[in-house]
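This report concerns only the one structure given below.
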Amino acid sequence: MEALAHFNAATGLEANLEKSNVYLARVDERVKMQILARTGFSEGVFPIKYLGLPLSPKKWKKIECWSLIDKITHRIKVTYSKQLSYAGRLQVINAVLFSIHSFWGAVFILPQSILKKVDQICRDFLWGSSADKKKVALVAWDKVCLPKRQGGLNIKGCSNWNKASVGQLLWQIIVNKESLWVKWVHDIYMKNDTSIWTHKTPIDCSWYWRKINALKEHMQGWYNHRRYMLTQTGKYSITKSYQALMGTKPRWNIAELVWTSMAIPKHRFMTWLAVQGRLLTQERKLRLQIQVEDIACCLCEEKVMETNVHLFEDCKWTSTVWQAMHQWIEVPVHNIGIVQVLENIKGNRWKQFKKEIMAAICGAIIYHTWRARNWRRFRDIRVHTEEAVTQIKKEISERLHLLSSSKRANKCRHFIQHLLCN
Ligand SMILES: [Zn+2]
């Protein structure tokens with residue numbers, strides 16, 4: 001009460017008796033009554049809301065966690081239309097869902113079942129699945145959660161991100177950070193231990209303490225004595241820890257071309273799917289045992305099965321578009337499969353900006369081929385190659401105008417001039 005009086009004198013702020021509660025633990029009835037009488041506060045019951053977050057000394061009950069899940073599904077249902085492109089949905093997931101998740105996940109250890117559910121909501125939203133209409137996940141979630149340079153979409157999967165966040169608490173104990181919580185941990189749980197690594201969790205410890213200790217087996221390798229080795233500064237990084245939990249995958253050497261800022265976002269996403277052969281072509285549908293009526297390519301008259309290779313490499317429709325592009329750019333790029341085309345662009349001795357323009361053109365062709373295929377198949381509308389070519393030229397030119405004032409662009413201004421004048 002003396003502290004509150006000091007606080008009042010210094011700030012002029014006064015505790016509101018009606019809105020204030022006192023929370024007591026392991027206090028006998030007599031002492032409790034004395035405290036309540038002395039303070040004038042009434043006794044509060046857990047869980048309470050503090051800064052918008054539920055606060056509880058025990059493991060969260062499922063029902064409390066559902067409030068997080070509700071928040072996420074609500075925002076998807078209300079704010080965003082199902083008409084969003086993949087690229088749009090990716091942005092929603094990264095921005096909105098992740099902000100909610102990192103806000104909660106940075107403060108609490110969330111139960112695995114809840115984290116899995118949040119991941120599932122993100123996954124379903126990305127691929128357009130809903131309760132009444134299931135859609136195929138075109139790429140596995142584990143892959144989607146990898147960084148782009150390793151072939152993923154850089155979505156921060158909840159499960160591992162939460163572990164990485166909570167790893168920060170472990171780090172604080174290891175470096176013996178100056179904080180009330182660390183002191184408390186050393187006094188209560190680690191009285192007889194010199195190191196957290198050799199500490200054995202008592203049977204009667206809290207769920208939180210058990211969870212923090214369960215992380216040790218994943219994280220011990222990141223420390224040399226008491227130094228965190230994943231950053232140069234030795235300061236804990238959630239991102240670095242997350243990446244380490246995901247495991248190091250080989251670098252995907254065409255990632256920078258697939259995701260180049262020269263390309264329109266929805267083209268980038270489509271290119272990412274196409275280079276992995278993950279678009280739902282008729283052939284892939286057959287393999288996934290999805291019923292298809294007509295397996296032939298609908299863009300040409302050749303009556304051959306619609307495969308990824310046929311659509312983007314052999315099809316007459318696509319070849320015509322490529323030829324028109326050759327005439328425009330006056331650079332010979334042989335369409336020998338999308339991956340090979342991008343690898344050839346990368347291996348060329350062009351300026352980086354020119355490589356990215358070429359990759360963006362390749363991405364635009366992929367996008368418009370797939371779009372023409374969908375319009376023909378689902379709306380029975382035929383898109384002529386001339387229309388697609390005009391559209392691609394328009395989109396690339398707009399992109400060039402947007403980015404042509406950069407320093408990088410200046411290094412290949414002749415090529416850019418050529419494209420804009422033809
Ligand atoms: Zn065809």
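Quick note: the coordinates plus some simple rules give every number you see, no bench work behind them. Since the structure is predicted, the reported quantities are computational estimates derived from the model, not experimental observations. Here the Cβ positions follow ideal geometry from the backbone for every residue, glycine too, while neighbour counts run over all protein chains shown.
Miscellaneous remarks
- Ranked Val292, Val139, Val31, criterion: other C-beta atoms within 10 Å, fewest first: Val31, Val292, Val139
- Here His326, His310 are placed in order of increasing Cβ neighbour count within 10 Å, fewest first, which gives His326, His310.
- With Cα atoms, 0 to 90° folded angle of helix 112-127 axis to the chain main axis: 20
- Cut-off 13 Å between beta-carbons: net charge of the residues surrounding Ser20, Lys and Arg +1, Asp and Glu -1: -2
- Cross-link partners of Lys117 among aspartates and glutamates (Cα-Cα below 18 Å; sequence separation of 8 or more within a chain): Glu64, Asp70, Asp132, Asp142
- Under the Karplus curve 6.51 cos²θ - 1.76 cosθ + 1.60, θ = phi - 60°, whole-Hz ³J(HN,Hα) for region 164-179, x wherever Gly or Pro sits: 4, 5, 5, x, 5, 5, 4, 4, 4, 5, 4, 8, 6, 4, 6, 7
- Per DSSP, loop GluC sites (Glu not before Pro) in region 252-313 with at most 16 further Cβ within 10 Å: Glu293, Glu301, Glu302
- Within the chain, all pairs of alpha-carbon atoms sorted by distance into 10 Å bins from zero give the percentages 4, 16, 21, 20, 16, 11, 7, 4, 1, 0.
- Once the Cα atoms are used to define both axes, helix 316-329 deviates from the longest principal axis of the chain by about 90 degrees.
- Among Asn374, Asn192, Asn21, the residue with the largest mean-square fluctuation in a Gaussian network model of the chain, with springs joining Cα atoms closer than 10 Å, is Asn21.
- Two-site label geometry, Lys32 and His225: point separation in nm, points 7 Å out along Cα→Cβ: 4.9
- Highest-fluctuation residue, Pro250, Pro265, Pro111 considered, GNM on the chain with Cα pairs under 10 Å: Pro250
- Between 0 and 90 degrees, the angle of helix 352-379 with respect to the longest Cα principal axis of the chain falls at about 80 degrees.
- Put in line by how crowded their Cβ is, counting other Cβ atoms within 10 Å and starting with the fewest, Met305, Met270, Met1, Met325 read Met1, Met305, Met325, Met270.
- Positive dipole terminus of region 255-421, leading residue within Val304, Val292, Leu420 (C-beta point charges): Leu420
- Between Glu29, Glu356, Glu343, the residue with the greatest mean-square fluctuation in the GNM of the chain (Cα pairs under 10 Å linked by springs) is Glu29.
- For the residue pairs Lys134/Lys393; Lys235/Lys407; Lys183/Lys235; Lys71/Lys135, alpha carbon separations beyond 28 Å are given by Lys134/Lys393; Lys235/Lys407.
- Under-5 Å amide H pairs with Trp252, H placed in peptide plane, nonlocal only: Gln150, Gly151
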